[in-house]
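Q: The structure is given below, and queries will be raised subsequently.
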Amino acid sequence: MDVVYKRSGALSDVSTTYCPGCSHGTAFKLIAEISEELDIVNKLVFATPIGCTTFSAPFHKFSTFMSAHGRAPANATGFKRCNPKRPVIVYQGDGDCAAIGTGESIHAAARGEAFTVVMANNQVYGMTGGQMAPTTLTGQKTTTTPNGRSVEACGYPIRMAEQIAQLEAPRFVTRQSLHTPKNILQAKAAIKKALELQINEEAYSFVELLCACPTNWAIEPSGIKEYMEKNVIPYFPLGDLKG
Amino acid sequence: MAKKEMWKGNEAMSEVALRAGCRFFSGYPITPQTPITEYLAWRLAEVDGVFIQAESELAAATMLLGASIAGARALTATAGPGLSLMTESLSCLASGRLPAVIVDVQRGGAATGNLQGAQSDYNMVTKTLGHGGLKGLVYGPSTVEELCDIIYDAWDKAEKYRTPVFILSDASLGQMMEPVDIKPFKQLDESRFDLPYVIGREESEKKVIQDTPYAGPYSTMSENLDYNYRKYNEMYEQWKEDEVLYEEYMMDDAEYVIIGWGMAARISKSAIRNLRKKGIKVGMIRPISLFPFPEKPLNALDAKKIKGILVVEMAIPALFYHDVKAQVDKNIPIKANLHCGGYLSQVDEIEEDILKMAGGK
Ligand SMILES: Cc1ncc(C[n+]2csc(CCOP(=O)(O)OP(=O)(O)O)c2C)c(N)n1
Ligand code: SF4
Ligand SMILES: [Mg+2]
């Protein structure tokens, strides 16, 4: 009998602690599968952010280092410049990447550091319990925008991939989503392309993933697809922005 | 002995760092530190090292963590306002037990302050490296030569103890020219890439490098942190036995003692020489390691022999003074001679303070 699907060997036996319907687990699965396909399980270095994925080291087989909130691109810069042979994924939440770490994100991209940033855009601060993120949609209720995010008080949500794409150095900038099987496959192809560009051409790439945080969106996991299509994707259009 | 050459403090320190094996520098320009950044910009390129002008001191200090995890001997340098931004990473380096060297070329004042020398960052690095109360080795040299000696061995110490090493220089020391022995190149061996905190060159078994020691013999994070930080503290206590550095100057027959560190101590030496000519028996104890603090020579000051202590410090409010006061016999009168904001300690004022003490006996 042919094996058509199996759990990636780059994942450990420890099951994740993410909430039901959370996209972080899906993103990890994709990275694990890609690392096996590219045969880099023992080479890949996974730089974690501060957020719901901070304590993710037990879930996979990669070497990993943690950083202070928002600082992973600077930490990875120091690492990769001194150890250029290890492929590096910098995995960040939207708050980590596009609020507290905006400076580090933009400048690592501007320098074209030879690593791949995967930004999980779930439009909230997941780990701290659902406060407004730089990506929270106008009108969206969070614990710090109890009446819905207002333009007057908070301005507009940041489209981070577009910010990165206007820089010269990034080789490949894309926004993908994890809300349907088709989108998940497209996201996988994008992350794989970014990693290949890093390995073969020492290129910086940025992959924004539209993610679900059903817990803090206060919706059932079964409602994610509809919520994404109706609310999230219209503001954060999918597709390649560069490369 | 090698022939001495005339070098400015900032450049001498940078060259000696390179010869000590430093191959990574990240920094953000700030007076009076900038000559270090400019020097290493061209000099590291000559030895295939990595130089990064970072976007901020937040990023500059964070890059040290990554370089350290990659097995490089890493350096950053800054001054006051930049030090404030670096404290986040100082905390991570100390907690993650990652070796790296940080130089603060101190300038006057708080906030934006002033560009001349000062010693006002003393508490900020001797009491805790950033939040969390952890420590690193902290040195306060008073000559260019001593600055070079300390940085030459800084990574050996950093790696031995897996700790950040902090050097408090200042604007005067950074810019003054003095004869120094620019030391030979150290050879580093490849085994450093197998060190426990280093993620190896090509590929490796899984390594988990955390800036917080969550792992340990217990099942909860809080028990493990309690356990691990207790161990760190044992190391800090042991440093008091093994890593204390200080100088005693003209102490044999001293009746008055000046206690100071770095530039304030250096200026005080001129006052001591002048006072000796006037027949006043004055000497000095000069801490070189600021953490661990040289407690023993201060504890040993004998109230039957010593008639007065003058602490000379370039910080207002006083900082170092309180550490001295806590260690000396309460029966010895103690005074402080303080300046700050780039106003250096003054030889004539120091003499006057000691003469007043001596006159009032
Ligand atoms: C300097 C600092 N400020 C604040 C925090 C608290 N904090 C932890 S995670 C987090 C938000 C993370 O949100 P995001 O980056 O979107 O990641 P997610 O949990 O949604 O995946 C915050 C504010 C912190 N750890 N450090
Ligand atoms: S809080 Fe949100 S982001 Fe965090 S694990 Fe739960 S669903 Fe995922
Ligand atoms: Mg988020």
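Q: Of the residues that sit in the range B:13-32 and are more than 24 Å from B:Arg192 (Cβ to Cβ) and touching a helix residue (DSSP H, G or I) at 6+ places or on another chain (Cβ under 7 Å), which one is surrounded by the fewest Cβ atoms within 10 Å (Cβ to Cβ)?
A: Step one: filter the range B:13-32 for residues more than 24 Å from B:Arg192 (Cβ to Cβ), giving B:28-32.
So of that shortlist, the ones also touching a helix residue (DSSP H, G or I) at 6+ places or on another chain (Cβ under 7 Å) come out as B:28-30, B:32.
Details: B:Tyr28: 24, B:Pro29: 14, B:Ile30: 19, B:Pro32: 22.
So the residue we want is B:Pro29.
Q: Let me ask another. Looking at this structure, is A:Tyr91 within 22 Å of A:Arg175 (Cα to Cα), open to solvent by less than 60 Å² (accessible area, probe 1.4 Å) and within 16 Å of ligand 1 (Cβ to nearest atom)?
A: On the way: within 22 Å of A:Arg175 (Cα to Cα): yes; open to solvent by less than 60 Å² (accessible area, probe 1.4 Å): yes; within 16 Å of ligand 1 (Cβ to nearest atom): yes.
Criteria met by A:Tyr91.
Q: Would you mind stating whether A:Pro146 is surrounded by fewer than 24 Cβ atoms within 10 Å (Cβ to Cβ), away from every other protein chain (no Cβ under 14 Å), over 16 Å from A:Pro157 (Cα atoms) and modelled with pLDDT of 95 or more? Steps first, answer last, please.
A: On the way: surrounded by fewer than 24 Cβ atoms within 10 Å (Cβ to Cβ): yes; away from every other protein chain (no Cβ under 14 Å): yes; over 16 Å from A:Pro157 (Cα atoms): yes; modelled with pLDDT of 95 or more: yes.
Considered against the rule, which asks whether it is surrounded by fewer than 24 Cβ atoms within 10 Å (Cβ to Cβ), away from every other protein chain (no Cβ under 14 Å), over 16 Å from A:Pro157 (Cα atoms) and modelled with pLDDT of 95 or more, A:Pro146 comes out as yes.
Q: Further question on the same structure: Here's a check for you: in the range B:63-79, which residue that is hydrophobic (A, V, I, L, M, F, W, C) and part of a loop (DSSP other than H, G, I, E, B) is surrounded by the most Cβ atoms within 10 Å (Cβ to Cβ)?
A: Residues of the range B:63-79 that are hydrophobic (A, V, I, L, M, F, W, C), as a first pass: B:63-65, B:67, B:69-70, B:72, B:74-75, B:77, B:79.
Narrowing further to those that are part of a loop (DSSP other than H, G, I, E, B): B:70, B:72, B:79.
Details: B:Ala70: 25, B:Ala72: 29, B:Ala79: 26.
Within the range B:63-79, the match that is surrounded by the most Cβ atoms within 10 Å (Cβ to Cβ) is B:Ala72.
Q: So A:Phe115 clears everything in (1) away from chain B (no Cβ under 14 Å); (2) away from ligand 2 (no atom under 16 Å from the Cβ) except one condition, right? Which one?
A: In the conditions (1) away from chain B (no Cβ under 14 Å); (2) away from ligand 2 (no atom under 16 Å from the Cβ), A:Phe115 misses (1) alone.
Q: Check the range A:172-189 and report whether any residue there is more than 14 Å from chain B (Cβ to nearest Cβ), within 16 Å of ligand 1 (Cβ to nearest atom), part of a loop (DSSP other than H, G, I, E, B) and farther than 21 Å from A:Ile224 by Cα.
A: No, the range A:172-189 contains no residue that is more than 14 Å from chain B (Cβ to nearest Cβ), within 16 Å of ligand 1 (Cβ to nearest atom), part of a loop (DSSP other than H, G, I, E, B) and farther than 21 Å from A:Ile224 by Cα.
Q: Does A:Ala114 count as assigned to a loop (DSSP other than H, G, I, E, B) and touching a Phe, Trp or Tyr at 6+ places or on another chain (Cβ under 7 Å)? Let's see the steps before the verdict.
A: Values: assigned to a loop (DSSP other than H, G, I, E, B): yes; touching a Phe, Trp or Tyr at 6+ places or on another chain (Cβ under 7 Å): yes.
Criteria met by A:Ala114.
Q: Now a separate question. Quick one: what pairs do we get from the range A:113-136, first residue farther than 18 Å from A:Gly25 by Cβ, second of a type in the set (S, T, N, Q) and near ligand 1 (Cβ under 10 Å from one of its atoms), C-beta under 6 Å, 6+ apart or different chains?
A: A:Tyr125/A:Gln131; A:Gly130/A:Asn216; A:Ala133/A:Gln123; A:Thr135/A:Asn121; A:Thr135/A:Gln123; A:Thr136/A:Gln123
Q: Does the range B:36-45 contain any residue that is touching a Ser or Thr at 6+ places or on another chain (Cβ under 9 Å), open to solvent by 10 Å² or more (accessible area, probe 1.4 Å) and more than 23 Å from A:His107 (Cα to Cα)?
A: Checked the range B:36-45: at least one residue is touching a Ser or Thr at 6+ places or on another chain (Cβ under 9 Å), open to solvent by 10 Å² or more (accessible area, probe 1.4 Å) and more than 23 Å from A:His107 (Cα to Cα).
Q: Say we look at the range A:144-161 and pick out the residues that are without any contact (Cβ under 8 Å) to a residue 60 or more places away in the chain and of a type in the set (Val, Ile, Thr); which of these is farthest from ligand 1 (Cβ to nearest atom)?
A: Let us first name the residues in the range A:144-161 that are without any contact (Cβ under 8 Å) to a residue 60 or more places away in the chain, namely A:144-156.
Within this subset, residues satisfying the condition of being of a type in the set (Val, Ile, Thr) are A:144-145, A:151.
Numbers: A:Thr144: 11, A:Thr145: 15, A:Val151: 21 Å.
Top of the filtered list is A:Val151.
Q: Follow-up question, since we're still on this one. Is it the case that B:Ala59 is within 25 Å of B:Tyr197 (Cβ to Cβ), crowded, with 24+ Cβ neighbours inside 10 Å and within 7 Å of chain A (Cβ to nearest Cβ)? Break it down stepwise before answering.
A: On the way: within 25 Å of B:Tyr197 (Cβ to Cβ): yes; crowded, with 24+ Cβ neighbours inside 10 Å: yes; within 7 Å of chain A (Cβ to nearest Cβ): yes.
For B:Ala59, the condition - within 25 Å of B:Tyr197 (Cβ to Cβ), crowded, with 24+ Cβ neighbours inside 10 Å and within 7 Å of chain A (Cβ to nearest Cβ) - is met.
Q: If you don't mind, another one. It is to be established whether one or more residues within the range B:23-33 are within 9 Å of chain A (Cβ to nearest Cβ) and assigned to a loop (DSSP other than H, G, I, E, B). I'd like the intermediate steps shown before the answer.
A: Kept after step one, since they are within 9 Å of chain A (Cβ to nearest Cβ), are these residues of the range B:23-33: B:23-24, B:26.
From what is left, the residues that are assigned to a loop (DSSP other than H, G, I, E, B) are none.
Scanning the range B:23-33, I find no residue that is within 9 Å of chain A (Cβ to nearest Cβ) and assigned to a loop (DSSP other than H, G, I, E, B), so the answer is no.
Q: While we're looking at this one, here's another question. Tell me the residue from A:Ala161, A:Ala114, A:Ala165 that is surrounded by fewer than 21 Cβ atoms within 10 Å (Cβ to Cβ), of a type in the set (Gly, Ala, Ser), within 17 Å of A:Ala190 (Cα to Cα) and more than 13 Å from ligand 3 (Cβ to nearest atom), please. Reasoning before the result, please.
A: Working: A:Ala161 fails: surrounded by fewer than 21 Cβ atoms within 10 Å (Cβ to Cβ); A:Ala114 fails: surrounded by fewer than 21 Cβ atoms within 10 Å (Cβ to Cβ).
After ruling out the rest, the residue left standing is A:Ala165.
Q: Condition first: facing another protein chain (nearest Cβ under 9 Å) and closer than 20 Å to B:Pro196 by Cα. Can you find one or more residues in the range A:85-95 that meet it?
A: Of all residues in the range A:85-95, those facing another protein chain (nearest Cβ under 9 Å) come to A:85-86.
Checking which are closer than 20 Å to B:Pro196 by Cα leaves us with A:85-86.
Among the residues of the range A:85-95, at least one is facing another protein chain (nearest Cβ under 9 Å) and closer than 20 Å to B:Pro196 by Cα, which makes the answer yes.
Q: Quick check on the range A:147-170. Is at least one of its residues within 16 Å of the chain's Cα centre (by Cα) and acidic (Asp, Glu)?
A: Yes: one or more hits.
Q: Anything in the range B:183-228 that is under 17 Å from B:Ser95 (Cβ atoms), open to solvent by 70 Å² or more (accessible area, probe 1.4 Å) and assigned to a helix (DSSP H, G or I)? List them, or say none.
A: If the condition is that a residue be under 17 Å from B:Ser95 (Cβ atoms), open to solvent by 70 Å² or more (accessible area, probe 1.4 Å) and assigned to a helix (DSSP H, G or I), then B:Met221, B:Ser222, B:Glu223, B:Asp226, B:Tyr227 are the ones that fit.
Q: Suppose we filter the range B:296-317 for residues that are over 21 Å from B:Gly117 (Cα atoms) and surrounded by fewer than 17 Cβ atoms within 10 Å (Cβ to Cβ); how many remain? It would help to see each step written out before you state the result.
A: Taking the range B:296-317 and keeping what is over 21 Å from B:Gly117 (Cα atoms), we get B:296-309.
Imposing the further condition that a residue be surrounded by fewer than 17 Cβ atoms within 10 Å (Cβ to Cβ) reduces the set to B:296, B:299-300, B:302-305.
Counting residues in the range B:296-317 that are over 21 Å from B:Gly117 (Cα atoms) and surrounded by fewer than 17 Cβ atoms within 10 Å (Cβ to Cβ) gives 7.
Q: Does any residue of the range A:55-67 turn out to be more than 18 Å from the chain's Cα centre (by Cα), modelled with pLDDT of 95 or more and more than 22 Å from A:Ala203 (Cα to Cα)?
A: Checked the range A:55-67: at least one residue is more than 18 Å from the chain's Cα centre (by Cα), modelled with pLDDT of 95 or more and more than 22 Å from A:Ala203 (Cα to Cα).
Rundown of residues vs (1) within 16 Å of ligand 3 (Cβ to nearest atom); (2) free of Cβ contacts under 8 Å to residues at least 24 places away in the same chain; (3) crowded, with 16+ Cβ neighbours inside 10 Å, yes/no style:
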site: A:Thr142; (1), (2), (3): yes, no, yes
site: A:Arg175; (1), (2), (3): yes, no, yes
site: A:Leu178; (1), (2), (3): yes, no, yes
site: A:Asn183; (1), (2), (3): no, no, yes
site: A:Ala189; (1), (2), (3): no, yes, no
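Q: For the range A:26-50, name all the residues that are away from chain B (no Cβ under 14 Å), under 23 Å from A:Gly95 (Cβ atoms) and touching a residue at least 24 places away in the same chain (Cβ under 8 Å).
A: The answer is A:Thr26, A:Ala27, A:Phe28, A:Leu30, A:Ile31.
The values are calculated or read from the model by the stated rules, or taken from the named source; none is laboratory data. All figures in this text were calculated on a predicted structure; none of them were measured in a lab. When we count neighbours, we look across all protein chains shown, and the Cβ atoms used for this are built from the backbone with ideal geometry, even at glycine. Please note that ligands, DNA and RNA were not included when accessible areas were found on the heavy atoms of the full protein model with its side chains. Shrake-Rupley method; radii C 1.70, N 1.55, O 1.52, S 1.80 Å.
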